[in-house]
Structures are given as C-alpha cells and as structure tokens.
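Chemist: Mind looking over this structure? Questions follow.
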Ligand SMILES: [Mn+2]
C-alpha cells in the first residue's frame, strides 16, 4: 500500500507532469534527528526528487548529530527513500558532509556510504562546485562549543515559544545574516580560485542566490524551517533555487522561469528565520 508521503509525492508529480527530469538536484541541512526537521515534507520531496533527477546531492548536515537515537520513524523513512534509490543505474546519490555530520570518513563508515568533503557536478554546460560551506565560517570553526549550545537553544525556542521570542530572534538573526554574507563572499572567492563559475553551499540555513565577479552562488537553505523548503536544480545551462511544495503557477508557465543569475525570492509566507548552521 502506498504511504501518505508516496501518494502526496505522486499527486505533486501528477500535477507537475511537465516538470523535467533535472540533471542535478541539491539539498542541504536536513538535520535528521532534530525536532525541527521537516521530515514529513522531506520524505515526500525525496520520493519526487528521486524520480525527477539524474544526480541527487545531499550537501551536508544530513544528521543533526551522530546520536542516532534521536532519529524518529519519519527520519528513518527519509533515509529509506534515499537508500532504496541509491543503487539505481539511472540515478546517483551523492553525500557531502556538513559540520553537524562529523568527519566524512567516520559518518560514512556509520551510514555505509561514501561521504565527500566536496563534490563537482558537470553536465557539459554547467560545472557546479558543491560544498557545505562551514569551511568558510569563522564563527562555527572558531567557537564550536558555543555554536552547539546556541544551536540547541535556538531549536528549543523555535519549538516551544516561536511567537513570544520572535522579536529576539529577529534581532539575533541580523547577525547570522551577516555571517551568511561572509560565507557567500568566501565561497565565491574559493570557487573563482578553483576556476568555477557556479557554487552552491548550505550551512547558513538562509536560501540565497547572488552573483559576484561573475560567480553565481546559491545557498540551498534548510529543511528545518516552515515550508516552503528550498532546493537547487540544474537543467542544461539553467541553475535555479526552487521551493517545495512546488508552486503550480511556475509549473504551468515554464516560460516565466528565471534564468541563472536572476534573484528569485521565496514565495510569501516563507520564514526568513535563519538557524545556526
Ligand atoms: Mn546545518
């Protein structure tokens, strides 16, 4: 029998039969094991994504930490979708580590798949550098314990008292937005130094598309905040930041799509709340 997620995903796929099969889809910051992970939506998205791309890249912070006791049934369901699509001849799943996952070799060993520090996607038209982005973060690399404490606190606040503390969160969010700009700048510089014109990171939890000195930077945000949840698609020479659930008007009017480099704002209702990478 079809699960709820499967039937919702096939509904979405049916509604979007004009959706192409993407060359590559990138998502990041799933944070499986955390109580703010949008696991139900993620499972539905993964089922759809596995049928709509040739390469699926999970760009870090797959897990919230290596305490797998925190994974719920729904979190395991997401892993199951990935695993059951991992051996297909027509699709590849690539795992890139994030700061919450721990070292690539350790988490790779536990999960039983190869986990990379960075990855390159190349369809002959777009060469995309894919890495989590914590490498460029002076806060998390400089103060790991502080980051961990603040992260726990932030999740708690989002879960327990999201409205009462909204003002405080907005105030501290300004600081993280600045951090997001640091990562955008340093990732773009790094990509340029390696001869790339396209780079995607996660880590900041703030979806973003920017162009700097001819480098297109896309941050794929997170799946720990209120939907719609962001993901990056590559098709031919077009690279885009999109949101799940898919906006039907985008599907109905493919000609209205933005081409690479044009900023696309999240649909109204998208939470601008950042979280700690
Ligand atoms: Mn993260």
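The values are calculated or read from the model by the stated rules, or taken from the named source; none is laboratory data. Note that the structure is predicted; figures quoted are calculated from it, not measured. Backbone-built Cβ (ideal geometry, glycine too); neighbour counts: all protein chains shown.
Chemist: Evaluate the stretch 107-121: report whether one residue or more is farther than 28 Å from residue 198 by Cβ and in a helix (DSSP H, G or I).
Modeler: There is at least one residue in the stretch 107-121 that is farther than 28 Å from residue 198 by Cβ and in a helix (DSSP H, G or I).
Chemist: Between 102, 98, which is within 16 Å of the ligand (Cβ to nearest atom) and surrounded by fewer than 19 Cβ atoms within 10 Å (Cβ to Cβ)?
Modeler: 102
Chemist: Can you name every one of the strands (runs of 3 or more DSSP E) wholly within the stretch 213-277 that holds 2 or more residues which are away from the ligand (no atom under 16 Å from the Cβ), at pLDDT 65 or above and within 15 Å of residue 52 (Cβ to Cβ)?
Modeler: Qualifying strands (runs of 3 or more DSSP E): 229-235, 238-244.
Chemist: Something else: For residue 82, which of the numbered conditions (1) surrounded by 18 or more Cβ atoms within 10 Å (Cβ to Cβ); (2) at pLDDT 95 or above fails to hold?
Modeler: Here residue 82 meets the rest and fails (2).
Chemist: Can you name the condition, by its number, that residue 190 falls short on among (1) more than 16 Å from the ligand (Cβ to nearest atom); (2) touching a helix residue (DSSP H, G or I) at 6+ places or on another chain (Cβ under 6 Å); (3) at pLDDT 65 or above?
Modeler: (2)
Chemist: State all residues of the stretch 193-212 that are touching a strand residue (DSSP E or B) at 6+ places or on another chain (Cβ under 7 Å), under 20 Å from residue 123 (Cα atoms) and either within 16 Å of the ligand (Cβ to nearest atom) or in a loop (DSSP other than H, G, I, E, B) (or both); if no residue qualifies, say none.
Modeler: Within the stretch 193-212, 194, 196, 197, 200, 201 meet the criteria.
Chemist: Let me ask something else about it. Could you check how many residues of the stretch 30-43 are under 19 Å from residue 92 (Cα atoms) and in contact (Cβ under 8 Å) with a residue 60 or more places away in the chain?
Modeler: Within the stretch 30-43, residues that are under 19 Å from residue 92 (Cα atoms) and in contact (Cβ under 8 Å) with a residue 60 or more places away in the chain number 2.
Chemist: Give 54, 74 a once-over and let me know the one that is touching a residue at least 24 places away in the same chain (Cβ under 8 Å), in a helix (DSSP H, G or I) and surrounded by fewer than 19 Cβ atoms within 10 Å (Cβ to Cβ).
Modeler: Working: 54 fails: in a helix (DSSP H, G or I).
Every option except 74 fails the conditions.
Chemist: A further question follows. Go through the stretch 26-38 and report how many residues are over 13 Å from residue 219 (Cα atoms), touching a strand residue (DSSP E or B) at 6+ places or on another chain (Cβ under 6 Å) and either in a strand (DSSP E or B) or within 11 Å of the ligand (Cβ to nearest atom) (or both).
Modeler: Number satisfying all stated conditions: 1.
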